[in-house]
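Q: I'd like to ask some things about the structure below.
The values are calculated or read from the model by the stated rules, or taken from the named source; none is laboratory data. A quick note: this is a predicted structure, and the numbers were derived from the prediction, not measured. Positions of Cβ are backbone-derived with ideal geometry, glycine not excepted, and every protein chain shown enters the neighbour counts. Calculation scope for accessible area: heavy atoms of the full protein, side chains included, ligands and nucleic acids excluded. Shrake-Rupley method; radii C 1.70, N 1.55, O 1.52, S 1.80 Å.
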Amino acid sequence: MNSKQLTTAKQAIGKLEKLPLRGISRAANMLCIQFGDLLETDMPYRDENGSLSKNEKGELNYKKGLVGEYSLNIQCCFRWIYDDRIILAKDDLYQPSSKILSNADFDMDNFYYDTIGNNRMDEIIDTKLTKTDGFLVSSVSVSKIGDIKIKFANGYLLDVVIDISQAEECWRFFKSETDEHLVMLGDGLEETDE
């Protein structure tokens with residue numbers, strides 16, 4: 001990443017300093033994290049099976065919901081660290097939850113990680129990271145290759161690591177309800193028309 005791109009990334013991600021964490025979720029294998037003031041918006045929702053709800057025409061159904069002012073969507077490696085221990089990492093998505101493992105009939109060959117609640121990632125988010133009280137961003141940093149470190153006042157650290165050398169999306173940062181997205185690829189920031 002050149003110095004102009006690094007400055008752009010640092011300025012954008014720097015907007016998170018002193019903002020509260022508002023929510024953590026996932027879409028397929030992408031971790032979605034929200035920060036800042038809560039904004040009301042129309043958003044797609046999931047049915048009782050965890051699938052996106054659609055109408056008879058196959059179009060997404062929407063309902064009013066709250067989203068954070070800023071979003072960081074992560075598709076590369078990441079880990080949440082607390083007290084020198086990894087609490088959650090990307091590959092936890094591919095591991096069965098304790099509820100699934102406790103089922104006597106469990107068969108790894110029939111394990112569907114992408115079903116909401118079936119995997120260790122969803123379980124950890126629900127049990128350790130859903131209550132976002134105390135998750136106030138105390139500092140952020142962006143490395144020359146696009147890795148991100150977000151430190152929280154309660155001692156947690158989110159470590160985002162670029163894990164590919166090609167022009168594939170690793171993370172995306174944006175202000176909710178805008179079309180301007182900062183997209184980090186494996187080989188630097190995505191070029192935008194200015």
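Q: Are there any pairs, at least 6 apart or on different chains, whose C-beta atoms fall under 6 Å, with the first in segment 118-135 and farther than 23 Å from A153 by Cα and the second open to solvent by less than 100 Å² (accessible area, probe 1.4 Å) and part of a helix (DSSP H, G or I), and if so, which?
A: N118/I100; N119/L93; R120/D92
Q: Next question. Run N29 past the list (1) touching a residue at least 60 places away in the same chain (Cβ under 8 Å); (2) over 24 Å from L189 (Cα atoms) and report the number of the one that doesn't hold.
A: It fails just one condition, (2).
Q: Continuing with this model, one more query. Can you list the strands (runs of 3 or more DSSP E) found entirely within segment 50-106 that contain at least 2 residues being aliphatic (A, V, I, L, M) and closer than 25 Å to L38 by Cα?
A: So the answer is 62-74.
Q: Take the residues in segment 67-98 that are among the small types (G, A, S) and either in contact with a Gly (Cβ under 7 Å, 6 or more places away or on another chain) or within 18 Å of T127 (Cβ to Cβ) (or both), then tell me which one is surrounded by the fewest Cβ atoms within 10 Å (Cβ to Cβ).
A: S98
Q: Give me the residue from segment 160-178 that is of a type in the set (S, T, Y) and exposed (fewer than 13 other Cβ atoms within 10 Å of the Cβ) and, out of that set, nearest to D147 (Cα to Cα).
A: Within segment 160-178, the match that is nearest to D147 (Cα to Cα) is S165.
Q: Only one residue in D42, D37 is at pLDDT 85 or above, touching a Gly at 6+ places or on another chain (Cβ under 8 Å) and surrounded by fewer than 16 Cβ atoms within 10 Å (Cβ to Cβ). Which one? Before you say what the answer is, go through the steps one by one.
A: Numbers: D42 fails: at pLDDT 85 or above.
Exactly one residue qualifies, and that residue is D37.
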